[in-house]
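Input: a single structure, listed below in C-alpha cells.
Bear in mind these aren't lab numbers, they're just calculated from the coordinates by the rules spelled out. This is a predicted model, so every value here is computed, not measured. Positions of Cβ are generated from backbone atoms using ideal geometry, with glycine treated the same way; all protein chains shown enter the neighbour counts.
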Amino acid sequence: MPAMKAVRMHRTGEPGVLAVEEVPRPEPGTGDVLVRVHAAGLNPPDWYARKGFSNIPEALRPTLPLPYTPGTDISGVVAAVGHGVTPWQEGDEVFGLVRFPSLEMENGGRGYAEYTTSPASQLARKPAGLSHVEAAAVPMAGLTAYQYVFDHIKLDEGRRVLVNGAAGGVGHFAVQLAKSQGAYVIGVASGRHETFLRELGVDEFLDYTTTRVEDEVRDVDVLIDCVGGPDAHRFLPVLRPGGVISPVFHGDYHRERAAELGITFRSGQVHSDGEQMAELGRLFEEGRLRVGIDSVFPLAEAAKAHERAERGHIQGKIVLRVAPDQIGSPASR
Ligand SMILES: NC(=O)c1ccc[n+]([C@@H]2O[C@H](COP(=O)([O-])OP(=O)(O)OC[C@H]3O[C@@H](n4cnc5c(N)ncnc54)[C@H](OP(=O)(O)O)[C@@H]3O)[C@@H](O)[C@H]2O)c1
C-alpha cells in the first residue's frame, strides 16, 4: 500500500503532541473520493480534540480514537473515486468540510495529511479564483456563517446585526453574509482588526478592549455571538424587544430574563454540506465573499500552527500548506 505523510497524535495535550508520520494512504470506500490534499484549514474543534475536549463537560465528551489525525477543512485534487461516485473524477479541484460533526468516528477528521477520503456529497468544486490555501480556509467557518444566516436566523432584508468576534473565522464570513442580505452590520473585535473589518463592509466597528458595547449599542435585531462565555448576558440591553440571539459558542445569556424581554435564540451545530459549499463557491466566484488568511504553516509545522491558534486574536483563518504550490499559479498566493 503506498505511504503518505500525515500529522498524528498518540495522546492528547499541548501542541507538541502533533507530529508528522509516515502512514498508509487511505483508500476511498463506496461513495467516497480520495483527495490529494493541497491545504488544510484549522478550526477550534481541532485544538479542542488535541486537548481531549477538556472544555466540554465529561459526560458529553466525544471519544477520540488514538492515534488521531485532526482536520476537517480541505482543499485539493481528486486522486481516485470510490464505487458509486458519479459527480467527481480524477483531477477535479475540490474543497469541503469532511465528516463533521463525527469526530468520534474511526480515524477522525484526517485533514492534516497528504491524502484523505471524503464522502463525495460533502465536496464542492474549488472556486477558480481561490488558491488551495484560501479555499481550505473556507469550509467550517464559511458553512457555520452560512447555516446561521440562512438556516437558523433566516435573516431577512435590512436588519440591524451585531457580530461579536467579527474578525475570526466564523465572524468575518458572518459579517459578509449579513451584508449580502442588506443588513446594517456592527462588528465587535479588538482594535487591530478595524481596517480588515471595514474592508469587509462593517457599517460600524467597536473595539471591545476600549468600549463597553452594552453601553453604546441599542436596537439590534440579531446578535451573532461568536464568543459566548459566562458574561454573554451583558448583550441583552443591546437587543430590541423581539430580537434574536444566535450563540455560535456556549454562553450564559440569562435565558429567563431574555424571555421576559421577548428575545429568542437560534443556533445549531455546523454540518458538512456539499451543496452549501457550492453556494459559498458561487459567492466567491461572483466576488461577493472574501476570505481572510491569518497565517500559513507547512504541514510539518502543525504544532506551530496550533501554538498560533492558542495565542488567540485570529484574523480570518490559519491554514496548513500540504502540497508545494507551483510558482505563478493561483495556489502560490
Ligand atoms: N455552532 C457551531 O457549529 C460552531 C461552528 C464553528 C465554530 N464554533 C465556535 O465558535 C467560536 C468561534 O469560532 P471561530 O472559528 O470564528 O474562532 P476564531 O477564528 O478563533 O475567532 C474568534 C475571534 O473572537 C475574537 N474575540 C476573542 N475574545 C473576544 C471578545 N471578548 N469580544 C469580541 N471578540 C473576541 C478574536 O479576536 P480579537 O480578540 O482580537 O477580536 C477572534 O478573532 C469558537 O468557540 C468555536 O468553537 C461553533
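For the reader, a short list of remarks on this structure follows.
- The angle between the Cα long axis of helix 274-285 and the longest principal axis of the Cα atoms of the chain comes to about 70 degrees, rounded to the nearest 10.
- The range 47-85 and the range 214-278: distance between their alpha carbon centers, rounded to Å: 27 Å
- Mean separation of Cα contacts under 8 Å (6+ apart) over length of the range 141-265, as relative contact order %: 21 percent
- Mean projection of the Cα convex hull over all viewing directions, computed for the chain: 16.7 nm².
- Whole-percent P(r), the range 188-333, all Cα pairs, 5 Å bins from 0: 2, 7, 12, 15, 18, 18, 13, 8, 4, 3, 1, 0.
- Long-range amide H partners of residue 138 with built H, under 5 Å: none
- Whole-Hz ³J(HN,Hα) from phi, Karplus 6.51 cos²θ - 1.76 cosθ + 1.60, for the range 33-41, glycine and proline x: 10, 8, 10, 7, 6, 9, 7, 10, x
- Summing +1 for each Lys or Arg and -1 for each Asp or Glu among the other residues whose beta-carbon sits under 10 angstrom from that of residue 273 gives -3.
- FRET efficiency estimate (nearest 0.05) - Cβ-Cβ, residue 286 to residue 252, R0 35 angstrom: 0.35
- Sparse-neighbourhood loop sites, GluC sites (Glu not before Pro) in the range 7-114 - DSSP loop, at most 11 other Cβ within 10 angstrom: 106
- For the chain, the mean residue ellipticity at 222 nm estimated from helices alone is -5500 deg cm²/dmol, where every DSSP H run of n ≥ 4 contributes -39500 (n - 2.57) and the total is divided by all residues, rounded to the nearest 500.
- Fraction of beta bridges assigned by DSSP in the range 77-224 that are antiparallel (%, nearest 5): 25 percent
- Most mobile of 240, 159, 257 in a GNM of the chain (Cα contacts under 10 Å): 257
- Across the range 225-235, coupling constants 3J(HN,Hα) worked out from phi with the 6.51/-1.76/1.60 Karplus curve, θ = phi - 60°, read 9, 8, 10, x, x, x, 9, 4, 5, 4, 7 Hz, and Gly and Pro carry x.
- Within the range 141-265, the ratio Rg/Rh, alpha carbon atoms throughout and Rh by Kirkwood, equals 0.92.
- Among beta bridges that DSSP assigns inside the chain, antiparallel share in %, nearest 5: 55 percent
- Those residues of the range 159-175 whose amide nitrogen sits under 16 Å from the label point placed on residue 203, 7 Å along Cα→Cβ: 159-164, 175
- A straight chain from residue 300 to residue 121 at 0.36 nm per residue would run longer than the Cα-Cα distance by 61.5 nm.
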